[in-house]
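Peer 1: Following this message is one structure expressed as C-alpha cells.
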Amino acid sequence: MFAIVRDVSPAIERCELTHLERATIDLDVARAQHDRYVQALAALGCSIARLPEDANQPDSVFVEDTAVVLDEVAVITRPGAVSRREETAAVEQVLRRYREIRRIEAPGTLDGGDVLRVGRTFFVGMSGRSNRDGLEQLQEIVAPIGYSVVPVIVRGCLHLKSAVTEVAPETLLVNPAWLPEDSFREFERVEIDPSEPFAANALRIGNTVVHAAAFPRTRDRLAARGIDICPVDMSELAKAEGAVTCCSLIVR
Ligand code: CIR
C-alpha cells in the first residue's frame, strides 16, 4: 500500500475557494502540518510517493481530486475547476507504473473528492465540480469490472466526501445537512456533532481513521463506536477548503 502526496505549493494563497472567505495561510505552518500528515500515513503502513511542489498549481497538494484508483485501473479525472486541470499530469506519471490508465474527457468533469467507494458501489457527488457526463464516463469504465455507480446530490459543501466518508466497514460518518434526506440509509451511520460541520471527512487506513484534530466532539462519537482515530492538525490547509482525504491518493 502506498500514498501519493504532493508538497504544498508556495502559491496556495491563490487556491480555489467556494464556501470560505479567503484567510491568510501561513505557508510554513501548512508545510509542517502536511509533513506530520505524511508521517501519520507512513506510521499507518503506507509507503510514500511524494511529488514536488508546483508554484503554478496553487491547489496541487490536494491530489485526491486528480484520480480515482481501483485495483484494476486508475481513472485520471478532469477536475471541475479549470485552474486545476494541469494537476493530473504529475499524478498520472506515478500511477501509470502501477495501473492501466483511463481518463475522464470533456465535457465531463469529475473531482476525486466526489467519489466515495463503499464495497462495489461508487457514490458520486453531483456537486459544483462533478457533472453527469463525468459520472457516466466513470460508469462506463467501472461497470464492466463489477462496480455500480450511484449519483448523490451534494448541496452546501464542496465535495461528496466533505459530507460523508467510510470510517469502518459499511459504517459512514455523515453530515446530514449536506446530503439528501434519504441517502445512505442502508448503512450504519455516525452523525458528526452539529457544531463541527466539516468533521465528516475522514481517511480510513486499515482499522484506523485519520481525522482532523479540530473536531473533538465528532472524534468522541467515533471513539464511542470503538473506532481507532489518528488526529492530525490540518488547520492551515482547511483555510484552502482541504481536509484529510484530499491530501493523498491511497493505492492498494
Ligand atoms: C479546491 O477548491 O479545489 C481546493 N481549494 C480544495 C480541494 C479539496 N479537495 C477535496 O476535498 N478533495
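Peer 1: Count the DSSP beta bridges whose two residues both fall in the chain, then state the antiparallel fraction as a percent rounded to the nearest 5. Before the final figure, lay out each step's value.
Peer 2: Values: 19 of 43 bridges.
If we restrict to bridges inside the chain, about 45 percent are antiparallel.
Peer 1: For the chain, what does the helix formula give at 222 nm: sum of -39500 (n - 2.57) over DSSP H segments with n ≥ 4, over the residue count, nearest 500 deg cm²/dmol?
Peer 2: -6000 deg cm²/dmol
Peer 1: Give the Kirkwood hydrodynamic radius (Å, one decimal) of the stretch 67-129, defined as one over the mean of 1/r across all pairs of different Cα atoms. Display every interim value, and only then the final one.
Peer 2: Working: mean 1/r = 0.0823 Å⁻¹.
One over the average 1/r among Cα pairs gives 12.1 Å for the stretch 67-129.
Peer 1: A further question follows. Which loop trypsin sites (Lys or Arg not before Pro) in the stretch 169-244, with loop taken from DSSP, have no more than 15 other Cβ atoms within 10 angstrom of their Cβ? Write out the running numbers ahead of the final one.
Peer 2: On the way: sites: ARG185, ARG189, ARG204, ARG217, ARG219, ARG221, ARG225, LYS239; in loops: ARG185, ARG225, LYS239.
Here the sparse-neighbourhood loop sites are ARG185, ARG225.
Peer 1: List the GluC sites (Glu not before Pro) in the stretch 1-52 that DSSP assigns to loop (not H, G, I, E or B) and whose Cβ has at most 14 other Cβ atoms within 10 Å. Which are they?
Peer 2: Sparse-neighbourhood loop GluC sites (Glu not before Pro): GLU21.
Peer 1: With a 10 Å Cβ neighbour count serving as the proxy for reagent exposure, in which order, fewest first, do SER235, SER130 appear?
Peer 2: SER235, SER130
Peer 1: Further question on the same structure: Which FRET efficiency value, to the nearest 0.05, is calculated for THR121 and ASN56 with the Förster distance at 35 angstrom and r the Cβ-Cβ distance?
Peer 2: Computed FRET efficiency for THR121 and ASN56 comes out at 0.45.
Peer 1: At 0.36 nm per residue, and after removing the present C-alpha to C-alpha distance, how many nm does the segment from ASP233 to ASN207 gain when stretched out fully?
Peer 2: So the extension gain works out to 7.4 nm.
Peer 1: Once you order the gyration tensor axes a ≥ b ≥ c over the Cα atoms, which shape class does the stretch 183-252 get: rounded for a/c under 1.5, otherwise prolate or oblate by comparing a/b with b/c?
Peer 2: rounded
Peer 1: To make sure I understand, if each residue's beta carbon is the centre and we count other beta carbons within 10 Å, what order do ILE4, ILE141, ILE153 fall in, fewest to most?
Peer 2: On the way: ILE4 24, ILE141 19, ILE153 12.
So the ranking, lowest neighbour count to highest, is ILE153, ILE141, ILE4.
Peer 1: I would also like to ask the following. I'd like the FRET efficiency for ILE48 and ASP28, computed as 1/(1 + (r/R0)^6) with the beta carbon distance as r and R0 of 30 Å, rounded to 0.05.
Peer 2: That gives a FRET efficiency of 0.90.
Peer 1: Output the Kirkwood hydrodynamic radius of the chain, Cα pairs only, in Å rounded to one decimal.
Peer 2: Averaging 1/r across every pair of different Cα atoms and inverting gives 18.0 Å.
Peer 1: Taking each full run of DSSP H in the chain as one helix, which ones are at least 18 Å long along their axis (Cα atoms) and have mean Kyte-Doolittle hydropathy of at least -0.5?
Peer 2: 27-43
Peer 1: Let me ask another. Using a ≥ b ≥ c from the Cα gyration tensor of the stretch 45-85 (square roots of the eigenvalues), is it rounded, prolate or oblate, where a/c under 1.5 gives rounded and otherwise the larger of a/b and b/c decides, a/b for prolate?
Peer 2: In terms of gyration-tensor shape, oblate.
Peer 1: Nearest-5 percent of antiparallel DSSP beta bridges in the stretch 112-175? All intermediate terms of the calculation are to be shown ahead of the outcome.
Peer 2: Values: 8 of 14 bridges.
Counting only bridges with both partners in the stretch 112-175, antiparallel ones make up about 55 percent.
Peer 1: Which GluC sites (Glu not before Pro) in the stretch 103-163 pass both tests, a DSSP loop state and at most 16 other beta-carbon atoms within 10 Å?
Peer 2: In loop regions of the stretch 103-163 (DSSP not H, G, I, E or B), the sparsely surrounded GluC sites (Glu not before Pro) are GLU105.
Peer 1: Top mean-square fluctuation among VAL142, VAL82, VAL91, Gaussian network model of the chain, C-alpha springs under 10 Å?
Peer 2: Taking springs between Cα atoms under 10 Å, the residue moving most is VAL82.
Peer 1: If I model the stretch 1-94 as equal point scatterers sitting on the Cα atoms and use the Debye formula, what is log10 I(q)/I(0) at q = 0.16 Å⁻¹?
Peer 2: -0.71
Peer 1: Now, a different point. Within the stretch 1-151, what percent of beta bridges assigned by DSSP are antiparallel, to the nearest 5?
Peer 2: Roughly 40 percent of the DSSP beta bridges within the stretch 1-151 come out antiparallel.
All of the numbers you see were taken from the coordinates with simple rules; none came from a lab. Everything numeric here is computed off the predicted structure, so don't read it as measured data. Cβ coordinates were reconstructed from backbone atoms using ideal geometry, including for glycine residues, and neighbour counts include every protein chain displayed.
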